[in-house]
Amino acid sequence: MTTGQTSGNGLALLEAEMARQGADAIASLTSNEAIAAELAASIARTGRLVLVGMGASHYANRMAETAWRRLKVDCRAETAGDVLLQGLPGQSHTLVLVSQSGESGEILQLLDLLPHSADLFGMTLAPQSTLGRTVPCLVGAGGQEVAFAATRSLTVTLALHAAVLAATGGEAGGFADVLAVSPQPALDEALEVLAPKNSVIIAGRGELRGLAEANGLMLMELARIPAFGFEFGQFRHGPLEALMPDLGVLLLRGPGPLGAGTATLAKAALSAGTMPVIFDCSGEAPVEGAVTIAFSCNEGLSAVAAMLPSLQKLIIAVSGRKVARVGEPVRSTKITGIDHEA
């Protein structure tokens with residue numbers, strides 16, 4: 001796969017993070033069993049779970065939110081900014097603050113405002129951070145992420161969620177098994193379709209909705225083009241009007257209900273003159289006219305684990321056709337501090 005201009009320290013940092021994300025995620029599953037059991041007991045006691053984060057951490061929470069609801073847990077994923085403005089539900093709940101750095105500005109503000117209790121937990125990759133020192137935390141293996149866009153931190157945070165799901169009776173084995181295999185399908189055709197586009201919509205359902213949102217963020221950060229993540233139905237309710245040859249469409253297709261609507265959206269894109277790319281772990285026949293990147297049949301967080309490494313590589317490759325020094329931000333920092341204007 002030819003990636004274009006991708007030289008520079010930012011790219012090297014991204015590649016180094018991705019090279020070890022699978023191993024770190026698998027290690028994170030097994031090294032947090034005790035604290036995961038404590039968190040699972042809290043969720044069983046309160047019956048409600050609120051996951052709070054910003055940026056990619058919020059989108060990891062959005063993926064986990066669907067998995068928790070499959071287990072009949074009343075789960076909400078909220079941005080820390082919304083919680084600061086609107087507060088939390090009045091009912092008893094378990095609260096998890098998620099920040100890979102443990103120093104996100106909104107998370108620090110919440111730590112100052114929230115009452116600390118037995119039902120307040122954190123997830124971080126930095127155990128010596130403010131978050132890591134202040135509340136009981138699940139800690140991702142491998143230390144804090146240093147590359148600009150979230151790659152390893154997203155995968156490891158998902159593993160921390162999977163560890164708690166396993167402690168509550170969910171299935172984490174499939175997630176770890178898929179990470180260990182790390183499928184690497186050819187991406188050249190998908191790259192040639194998406195690289196010329198001036199903007200991109202990524203869409204999925206269930207856990208794949210959060211994956212679409214996370215990768216839309218990554219593409220905006222690295223390629224500096226408009227990119228949007230949607231749930232399939234939300235894509236149909238209005239944004240179809242944006243379809244045109246210059247708009248890229250990337251659909252994340254899971255099995256059964258997770259894939260329902262993929263063909264409809266793909267045909268709409270084709271009728272508007274843009275060829276869709278489909279990351280597909282449905283096990284069903286490819287959609288005619290689309291570029292399909294096929295994975296083994298998986299659902300839930302296992303489908304996320306199957307697609308995520310290839311999505312990261314594709315987005316970095318597309319970004320390499322757009323900017324000269326991928327992964328070197330011009331307006332942002334890795335850790336977003338407190339907004340003193342708020």
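The values are calculated or read from the model by the stated rules, or taken from the named source; none is laboratory data. All figures in this text were calculated on a predicted structure; none of them were measured in a lab. Here the Cβ positions follow ideal geometry from the backbone for every residue, glycine too, while neighbour counts run over all protein chains shown. Just the protein is used for accessible areas: all its heavy atoms, side chains included, with ligands, DNA and RNA removed. Shrake-Rupley method; radii C 1.70, N 1.55, O 1.52, S 1.80 Å.
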* With the checklist (1) under 19 Å from the mean Cα position of the chain (by Cα); (2) open to solvent by 20 Å² or more (accessible area, probe 1.4 Å); (3) at pLDDT below 95 in hand, flag the one item Ala260 doesn't pass. => (1)
* Is it the case that some residue within segment 283-297 is part of a loop (DSSP other than H, G, I, E, B), farther than 26 Å from Ile225 by Cα, in contact with a Ser or Thr (Cβ under 7 Å, 6 or more places away or on another chain) and open to solvent by less than 10 Å² (accessible area, probe 1.4 Å)? -> no
* Asked: Do you know which residues across segment 31-69 are hydrophobic (A, V, I, L, M, F, W, C) and free of Cβ contacts under 8 Å to residues at least 12 places away in the same chain?
  -> Ala34, Ala41
* Structure fact -> Within segment 184-200, the residues that are more than 15 Å from Ile225 (Cβ to Cβ) and without any contact (Cβ under 8 Å) to a residue 60 or more places away in the chain are Glu192
* Asked: Got at least one residue in segment 227-243 being of a type in the set (D, E, K, R), touching a Phe, Trp or Tyr at 6+ places or on another chain (Cβ under 7 Å) and assigned to a helix (DSSP H, G or I)?
  -> no
* Asked: How do the pairs read when you match residues in segment 75-88 that are more than 14 Å from Arg62 (Cα to Cα) with residues anywhere that are surrounded by 15 or more Cβ atoms within 10 Å (Cβ to Cβ) and not aliphatic (A, V, I, L, M), using Cβ under 9 Å and keeping only pairs 6 or more apart or on different chains?
  -> Gly81/Glu106; Val83/Glu106; Leu84/Glu106; Leu84/Gln109; Gln86/Glu78; Leu88/Glu78
* To do: Return yes when Asn215 is in a loop (DSSP other than H, G, I, E, B) and either surrounded by 16 or more Cβ atoms within 10 Å (Cβ to Cβ) or of a type in the set (Asp, Glu) (or both) and no when it is not.
  => no
* **Residue in segment 196-206 that is open to solvent by 30 Å² or more (accessible area, probe 1.4 Å), under 16 Å from Ala317 (Cα atoms) and either modelled with pLDDT under 95 or not in a strand (DSSP E or B) (or both) present** => yes
* Matching residues in segment 218-230 - criterion: being farther than 22 Å from Leu270 by Cα, more than 17 Å from the chain's Cα centre (by Cα) and open to solvent by 10 Å² or more (accessible area, probe 1.4 Å) -> Arg224
* In segment 140-185, how many residues are of a type in the set (A, V, I, L, M, F, W, C), assigned to a loop (DSSP other than H, G, I, E, B), out of contact with any Pro (no Cβ under 7 Å at 6 or more places or on another chain) and at pLDDT below 95? -> 5
